[in-house]
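Here the structure comes first, spelled out in structure tokens, and everything after it is commentary.
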Ligand SMILES: Nc1ncnc2c1ncn2[C@@H]1O[C@H](COP(=O)(O)OP(=O)(O)O)[C@@H](O)[C@H]1O
Ligand SMILES: [Mg+2]
């Protein structure tokens with residue numbers, strides 16, 4: 001469904017992505033793992049249309065989307081939940097979610113998704129009129145995911161959703177990823193928590209300083225000696 | 001001072017204060033979203049007033065029509081200025097857009113001198129704004145009721161847009177985090193254009209009403225009120241719309257009341273605002289309603 005071919009990203013003199021290629025098939029969970037600074041966020045940001053300084057092909061359902069704006073990308077059915085949650089602290093939970101649905105105009109469908117999201121995250125429902133900034137870290141992460149879901153995406157890109165969360169909450173995040181995948185949404189997951197990500201992923205890629213060095217099914221990478229050595233603590 | 005005079009001073013304060021507030025809102029909205037102090041804003045104030053003058057003299061339009069039209073034309077011009085002079089600099093260091101706005105400000109002033117000529121012009125005032133109402137010994141100029149009333153109306157519309165509409169939600173989101181707003185599908189450039197349009201419309205409205213209050217037009221007429229409105233925005237806490245309103249009203253009040261109670265100081269009335277600015281920057285740089293500034297400036 002999403003195909004990336006020979007994607008390059010430059011920041012000034014830094015060559016952050018050196019021609020990566022990857023595929024995200026419909027209905028799958030694909031994960032991109034790698035150390036800090038490997039280029040994971042840059043990959044997602046390039047897909048989301050945030051980067052101007054990129055080269056290569058990004059094809060979505062057969063059409064090239066590499067020149068599109070972030071708004072077009074969201075309308076095309078791809079949403080990105082950025083690293084560090086980036087919820088709007090001064091807006092209420094409800095407003096954060098409405099913002100997620102900004103690109104849509106069908107009010108009835110939005111209301112239906114809002115109900116669904118509140119069902120999925122009952123804690124957000126209780127706090128719907130609270131400012132986003134008053135939520136706990138875990139709740140903020142739920143809000144960031146819920147907000148992304150409000151765009152009714154076909155592909156959800158999550159950038160390190162488990163970052164900085166207590167172990168129990170990390171588990172919850174991964175069970176939510178499974179849940180949204182069960183709902184038929186395709187997931188492209190970026191993680192430093194390699195083990196959990198590989199467990200949930202159908203397909204996985206390892207990124208090292210801008211180059212994809214390994215790929216395979218999640219299970220095969222968990223079994224791979226090089227991955228165990230570098231990312232799973234031996 | 002008797003109470004009749006006090007009421008008159010209060011109404012004058014309210015009139016002047018709401019004129020400052022309308023201009024301050026434009027400064028604060030643009031700053032809130034782009035962290036840009038738009039120096040060309042005070043020229044929009046001037047242009048709005050001149051466009052009404054044109055509408056009435058050249059276009060033979062009735063005054064309310066000329067006012068509505070002038071606001072619309074000035075607002076479009078505000079959007080155009082952003083597109084031409086600031087938008088190409090979005091990714092440049094912030095100082096670039098600031099300098100560009102100073103350039104636009106001088107440019108518009110000079111264009112105004114060429115087109116409108118530097119001689120001050122008399123402004124047409126509808127008679128019903130001038131015939132004083134006298135009740136209980138209080139002499140009230142309808143203008144001092146009309147200006148605050150119309151300003152309040154404009155502000156309510158503004159608050160409705162910002163807090164009750166989808167575009168307003170987009171504005172509030174952009175003002176905190178443009179990139180994430182983009183990711184959520186907010187058409188950032190369109191919302192910025194809308195912000196310039198609204199802010200400029202309010203400045204034009206203020207300039208038009210200013211010309212009724214101090215019935216003279218000249219190409220530099222925006223400079224001092226513009227500076228004061230900017231100070232009002234800083235005083236209220238730049239970036240905050242309620243802050244701009246409170247700051248504007250407070251400045252109008254301070255100016256009128258100081259002159260009323262200390263007539264000897266009347267010659268310094270333009271200096272009060274700057275003293276206030278210095279005090280705010282020294283003692284409460286974030287202003288009355290302002291937030292932390294570290295991530296803004
Ligand atoms: N805005 C930027 N300006 C300059 N360099 C950047 C920028 N963003 C990322 N980089 C650099 O690009 C490389 C990849 O970064 P990133 O994609 O954020 O990696 P990851 O998400 O895997 O930690 C790093 O070397 C980083 O320093
Ligand atoms: Mg990253």
- Task: Just rank A:162, A:21, B:3, fewest to most, by other beta-carbon atoms within 10 angstrom.
- Result: B:3, A:21, A:162
- Task: Using a Förster distance of 41 angstrom, determine the FRET efficiency expected from the C-beta separation of residue A:178 and residue B:83, and round it to 0.05.
- Result: 0.30
- Query: Normalized C-alpha radius of gyration of region A:2-231, against 2.2 N^0.38 Å?
  - Reply: 0.98
- Query: Could you give the nm distance between label points at residue A:195 and residue A:111, where each point is 7 Å from its Cα heading toward the beta carbon?
  - Reply: 4.7 nm
- Message: If you take each beta carbon of peptide A:92-100 and count the beta carbons of other chains within 10 angstrom, what is the mean?
- Response: 3
- Query: What Kirkwood hydrodynamic radius, in Å, does region B:40-158 give when the mean of 1/r is taken over all pairs of distinct Cα atoms and then inverted?
  - Reply: 16.8 Å
- Message: If Rh is defined by the Kirkwood formula over all Cα pairs and Rg also comes from Cα, what ratio Rg/Rh do you get for region B:3-283?
- Response: 0.97
- Within chain A, the percent of DSSP beta bridges that are antiparallel, given to the nearest 5, stands at 55 percent
- Task: At 7 Å along the Cα-to-beta-carbon direction for both residue B:72 and residue A:226, put a label point, then send me their distance in nm to one decimal.
- Result: 6.6 nm
- Task: For residue B:278 paired with residue B:224, estimate the spin-label separation in nm (one decimal), with each label point 7 Å from Cα along the Cα-to-Cβ line.
- Result: 1.9 nm
- Summing -39500 (n - 2.57) over the DSSP H runs of n ≥ 4 in the protein assembly as shown and dividing by its residue number, what mean residue ellipticity at 222 nm do you reach, to the nearest 500 deg cm²/dmol? -18000 deg cm²/dmol
- Message: Roughly how far apart, in whole Å, are the Cα centres of region A:149-203 and region B:1-34?
- Response: 52 Å
- Message: Can you tell me the orientation of helix B:3-34 relative to chain B, as the angle in degrees between its alpha-carbon axis and the longest Cα principal axis, to the nearest 10?
- Response: 10 degrees
- Note on the structure: For peptide B:169-182, the mean count of other chain Cβ atoms within 10 Å per residue Cβ is 5
- Task: Over the protein assembly as shown, consider all pairs of different Cα atoms and compute the Kirkwood hydrodynamic radius from their mean reciprocal separation; express it in Å, one decimal.
- Result: 25.9 Å
- Task: With a 10 Å radius around each residue's Cβ, average the other Cβ atoms per peptide and rank A:1-10, B:266-275, highest first.
- Result: A:1-10, B:266-275
- Item | Exercise: per-residue mean of other protein chain Cβ atoms within 10 Å, A:69-75 | 5
- Query: For the protein assembly as shown, what proportion of DSSP beta bridges, expressed in % and rounded to the nearest 5, is antiparallel?
  - Reply: 60 percent
- Could you sort A:142-149, B:15-22, A:54-61 so that the peptide with the highest average Cβ count within 10 Å comes first and the rest follow in order? B:15-22, A:142-149, A:54-61
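Any read-out appearing in this document is the output of simple, stated calculations on the displayed coordinates, not a laboratory observation. Just so it is clear, the structure is predicted and the values come from calculations on it, not from any experiment. Note that each Cβ is placed from the backbone with ideal geometry, even for glycine, and that neighbours are counted across all protein chains shown.
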